[in-house]
Structure formats: C-alpha cells, structure tokens
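Inspection log for the structure reproduced underneath, given as structure tokens.
The values are calculated or read from the model by the stated rules, or taken from the named source; none is laboratory data. Note that the coordinates shown come from a computational prediction; the quantities given were computed from them, not determined experimentally. FYI the Cβ positions are ideal-geometry reconstructions off the backbone, even for glycines, and counts take in every protein chain you see. Quick note on the areas: whole protein, heavy atoms, side chains included, nothing else; ligands and nucleic acids left out. Shrake-Rupley method; radii C 1.70, N 1.55, O 1.52, S 1.80 Å.
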Amino acid sequence: MKKQLASSLAVAFSTVLLWSCNQSDPAAKGDYVSGVFVSNEGNFTQNNGAISYFPRERTTADPDIFAAANGTNLKGGVQDFVAANGKGIILVDNSAAGQDKVEFVDSHTFKSEGTIGAPDIENPREVVLVGNKAYVSCLGTNADLKYTTGYIAVIDITTKKVTKKINVADGPENLVYNNGKLYIGTIQWGAGNKLAIINTTSDEATSPIATPGIANPVGIDANGKLWVNAGSKVLRINTETNVTEATLPIATGGDKTPGNFTFSADLKSIFFVLSGFNAMGKEYGATYKFSISDTQIAMATPLISRYFSGLAVDPLQGLLYAGVSPSYTQAGYAVRYRTDGSVVDSIKVGVIPTGFFFQ
C-alpha cells in the first residue's frame, strides 16, 4: 500500500512539474528588472536627490530613473529605496516642512504609483518590507531638534495608507527585521542608548535592549545572531534571549566614529567605515573588515584606505559597493571592490550616493 501510494504521488508530482515547466510565469517587463539601484541623497537645500540605476554588467548609470519615467524629479533628498515583487518604495526628505513623502513605484518601470505625505510621514529615514506591510522610521516634525516626536509608520502596501504610528522617541533611524521582530536604532546622543523592538504581529513595542552607546542595528549573521553598533563597540546579541553574547571594541583614536556597517554575502564578515573630520570640515577615514568569529577587531591595517558615504554588498555577486562623494554639489561614484579590498571599477552616479539596492 505504501509503495502504491508513493508511486501515485511520484506520478502526480511529475505531472505537476511537467505542467509547471510548460506554464512558466511571464518574464517581468521594464527597463529596470535586474540591476543595481543607487540612492543619491543629494544636496539638502537643493532637494535634488535621485535614484540611479545600472545593470551589473554595465559601467555607466542612468542618473535619475524616476525623472526619466515620470517627467519630474523626486523633489527632495533620497533617504532609502527598497523593492519586492515588482513594487518599490522611496523615502523622500524635503528641506521644506510638510513636503516629505513616501513614493510608491513599479520597480521594473519606475512609474509612480502614489504617495503618502505629511502629516503621516515626517522626516523619513529607513524602510523595511515585512509581508504586506512597510515599516518606515520617521524622526517626526522634530522642530526642537530633541527627537521627541519620532515614530515608526506602519503602511499597508495594498491600500498605500498608514495604518498605525508606533511611538519611538530618541530619533528612530536604522531598521533590521528578523523573525517577527523589528529592531530600531536611535540617534539621540546621551538618551538613545537602547535598541527599541517592535513585535510585527501585534505592531506593539516590546522591552528595549540597553546598549553602551547609541544603538545602530547592523543585521543578522549566518548563525542567526543580531549585530549592533553601539558607540565605539559592536555587540553580538542572542535574538532569543536578548542577551549580549560578545562585545568587540573599535579603536576610534578618540576622534572618529564608526558607521556604514554592512554584511558580506555569506553573512560571515562585516565591513564598516571609521571616519572623522579634518580642520577644513572635510570627512575622511578608512574602511575595515572583521569576521563574526573574531574576538577583537584588527585596526592596524584597513581593508581600504578610503572614506565612503555608503557601503553595501551585492548578494548575487558578492562585490562590495562603496559610495564616493566628492562634494555636496557634484555627482558621486559607485566604486566596486572585491571583498579582499581590490578595486574592480567605478560608475558615475548622483550627488551623495549613500545607499544601494540589488534587484
């Protein structure tokens, strides 16, 4: 009986498999189906942020694909861009009060599909997609620069409406999602030494994790552990117990700040930039790398002796993408590196490239 049942199931499976092969889904259509999207923050007072795009095999970029598709630019600085299932979300921060927005696009054509503006969205910083919801960290109106009006806007992607605002004081910014929990970093000096957590099933805040500095969640490693930058340290946290299992100091020299953390494609290494400002107010620094199994971070020799305005690793090819910003007024570059620090090439993009999305 078991053999007959197994045989019947095998025939049924083969039939379904053959039908599936003959009934393949139609290929996605559009100019931006597969490639690299660069978030160019732009000059804040000029509101000239843009999304640049190039296929992986190309060395030139389309500088502003939203303007090309819609006949108008985004009218603000680009803070973040993510996409899934052909739907994209752009966070736009305008220097004028009440002009910030979430812009919805078809991620294959970049045609606009609607917006959400003030008062639902004020000073958006980062977005993550969880099922049919988008979570957007917002600093709020923040008129007193004390970050007391911050919140997470929960958006129903189908209706394109904010369904809830979850209060997160101290300047919510960086977001990491894992297994029903949204980890939220803050930017408030002195008061923000904690990692906020939201249960994405109930959309309620839970008990935060205390940190020895301003919390900046990095991501989940190959072993399922959460890494967090906290001041001049990085922490490895058990996501089941919220217990900090390891603390690795970063030698900052007393005048530099770590940032732009990103994982390697295999989630076993972490890259970051250590930077400061010279007497002329110009940011400088270098880029470092360490393993999730290291007990200390080697700082004697950087991986790349250069400061970058953004870092990300392409999960498909494993290359490190670095943003180079010559000034606040001229086009920047996306420089591609191998993970050993050797350069591949560079591609001219927009003003102040800070983020990368790979599709």
> Under a plain spin-label model, where a point goes 7 Å from the Cα along Cα-to-Cβ, how far apart in nm are R338 and M299?
Replying inline: 2.9 nm
> What percent of all Cα-Cα pairs in the chain falls in each 20 Å bin, counting up from 0?
Replying inline: 28, 57, 13, 2, 0
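I want the local charge near I152. Using Cβ-Cβ distances under 9 Å, sum +1 for each Lys or Arg and -1 for each Asp or Glu among the other residues. Before the final figure, lay out the partial values.
Numbers: positive: K164, K165; negative: D203.
That works out to +1.
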> log10 I(q)/I(0), Debye, Cα-only the range 234-359, no solvent, q = 0.11, 0.22 Å⁻¹?
Replying inline: -0.40, -1.35
>> Between the range 235-290 and the range 161-222, what is the separation of their alpha carbon centroids in Å?
In response: 18 Å
> How big is the Rg/Rh ratio for the range 42-152, C-alpha atoms only, Rh by Kirkwood, two decimals?
Replying inline: 0.98
> What is the Cα convex hull volume of the range 138-185 when expressed per residue in Å³?
Replying inline: 78 Å³
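Given the pairs K225/K256; K160/K256; K87/K282; K75/K164; K75/K160; K225/K282, which are separated by over 31 angstrom at their Cα positions?
Details: K225/K256 27 Å; K160/K256 41 Å; K87/K282 37 Å; K75/K164 26 Å; K75/K160 20 Å; K225/K282 35 Å.
Violating the 31 Å limit, Cα to Cα: K160/K256; K87/K282; K225/K282.
Would you mind working out the magnitude of the charge dipole of the range 56-211 relative to its Cα centre, with +1 at each Lys and Arg C-beta and -1 at each Asp and Glu C-beta, to the nearest 20 Debye? Mind dumping the intermediate values first?
On the way: 15 positive and 18 negative charges, 49 e Å.
Rounded to the nearest 20 debye, it is 240 debye.
With charges only on Cβ, +1 for K and R and -1 for D and E, what is the dipole size of the range 165-302 about its Cα centre, in debye, rounded to 20?
It comes to approximately 180 debye.
When ranked by the protection proxy of mean other Cβ atoms within 10 Å per residue, highest first, what sequence do the peptides 220-229, 73-82 form?
Numbers: 220-229: 18.8, 73-82: 22.3.
Answer by packing, highest mean first, reads 73-82, 220-229.
In Å², and per residue, what accessible area does the range 75-192 have when probed at 1.4 Å with the other protein chains present? Intermediate results must be reported in sequence, preceding the final value.
Values: 4660 Å² over 118 residues.
Counting only protein heavy atoms, the per-residue value for the range 75-192 is 39 Å².
Would you mind working out the accessible area per residue for the range 244-341, using a 1.4 Å probe, and quoting it in Å²? Don't jump to the answer; show the numbers that get you there.
Values: 4730 Å² over 98 residues.
Here the residues of the range 244-341 average 48 Å² of exposed surface.
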> How many angstrom separate the Cα center of the range 67-106 from the Cα center of the range 301-359?
Replying inline: 21 Å
> Using a 1.4 Å probe on the protein chains only, how many percent of the accessible area of the range 80-226 belongs to carbon and sulfur?
Replying inline: 49 percent
